[in-house]
Every structure is written in C-alpha cells, then in structure tokens.
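Asks: What follows is a single structure, and I will ask about it in a moment.
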Amino acid sequence: SYSCDAARERIRQTELLNVCVFNGTVNDFVAAGTAFELAVGLHLCGLLTDSVLEVVATRGVAACIVPCCYGQIFGTEDHGRGGSTAPRKAPFSAAYRATLGEALPLYSEVAKGADHVVMRAGGSFDVASVGYATAQRCMRVVDSDRLLWFREQTTEVGAGVGSNTMA
C-alpha cells in the first residue's frame, strides 16, 4: 500500500534499525509473534484504535495512537480486522459501565457524537461551531473510557490523552 511504502522509505532515509511496518489484520500481527516495545498507530479508525489498545495492554508495551475518527465503534458490522474490531455495545472500562448503570445504552449516542463531522464550505473543519465543540467533548469521553480500560488492564504502562489541535 502507498502508506506502508511511504513509511518504509522514511525508515530507510532516517536509517532507523528498530522500526518495522506491518500491513495486515491485527490477528495476523499477533500471530506473527513480532516483539515490539512501542506501537505507533497513526490515523487509526475507531475500531482499530480499540484493537491496538488491546494488543499493547496484553503485551505490556507502550503506544502512541492518533485516531482519525470514532466511527463504527458502535454498530452491527464486523469488519473482520481482528481483535476487538467488531463493534461493541458498551463502554470498554468497568468504571464507565458501573457509573452509567441503567443509562448504559446512552453511551452509544456519545460514541456517535464523537464521530460527528462539522465542515465548512470548502471542506475544512468548522472549529468554531457548537457541533464541533460537542464532537470534541464526545471524543474526550470515548478516549477517557479507553484510557480507564487500559489502566484497568495494566499498571506497567502509563496512559494519557493529548489535545486535539485539528484546525
């Protein structure tokens, strides 16, 4: 793929010896048994973000993940990419599930709100709009749930959320 070829070329240009590029499903990667200390996921879809988090939590390694969207984390279609790339019906973390209790079904609305795109004419994000601010808050809720889940899984690796500076 173009992205993998571009990454390999950058690795070659920088003469990095401890970097590899993998193109395949999460299950294929896990089955390959490749050892790693840091997973870097750039522009991962919502489902793939969750699946990569599962792998790094299981392996006890660090990750730097930058999601592109929050789409399809709640839905009905299993895209067969491996791991937890099948849509889910509840938050990941026990903390969110316990806190929401009877309101648990409402979390799907928050997840959908995180994937709400507010565009201006010409295709740029309308960062000043109320809809964009709402989407940002929903993204933070979803990411907080992911981080709480990650912390529930491992105490070996720290976790945090950076700020979204898309403008």
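The values are calculated or read from the model by the stated rules, or taken from the named source; none is laboratory data. No experiment lies behind these values; they were computed from the predicted model shown. Cβ coordinates were reconstructed from backbone atoms using ideal geometry, including for glycine residues, and neighbour counts include every protein chain displayed.
Asks: Looking only at the stretch 13-26, filter to residues that are of a type outside the set (Val, Ile, Thr) and more than 22 Å from the chain's Cα centre (by Cα); which one of those is surrounded by the most Cβ atoms within 10 Å (Cβ to Cβ)?
Replies: 16
Asks: Just checking, how many residues over the stretch 55-66 are in contact with a Gly (Cβ under 6 Å, 6 or more places away or on another chain) and in contact (Cβ under 8 Å) with a residue 60 or more places away in the chain?
Replies: Looking only at that region, the number is 0.
Asks: Moving on to the next point. Taking the condition modelled with pLDDT of 90 or more and part of a helix (DSSP H, G or I), does residue 151 pass?
Replies: No; evaluated as a whole, the condition is false for this residue.
Asks: Of the conditions (1) of a type outside the set (A, V, I, L, M, F, W, C); (2) more than 21 Å from the chain's Cα centre (by Cα); (3) not in a helix (DSSP H, G or I), residue 10 satisfies every one except a single condition; which number is it?
Replies: Against the list (1) of a type outside the set (A, V, I, L, M, F, W, C); (2) more than 21 Å from the chain's Cα centre (by Cα); (3) not in a helix (DSSP H, G or I), residue 10 comes up short only on (3).
Asks: On the basis of being out of contact with any Asp or Glu (no Cβ under 8 Å at 6 or more places or on another chain), more than 23 Å from residue 148 (Cβ to Cβ) and small (Gly, Ala, Ser), does residue 41 make the cut?
Replies: no
Asks: Condition first: hydrophobic (A, V, I, L, M, F, W, C) and more than 26 Å from residue 114 (Cα to Cα). Can you find one or more residues in the stretch 44-57 that meet it?
Replies: Checking the stretch 44-57: not a single residue is hydrophobic (A, V, I, L, M, F, W, C) and more than 26 Å from residue 114 (Cα to Cα).
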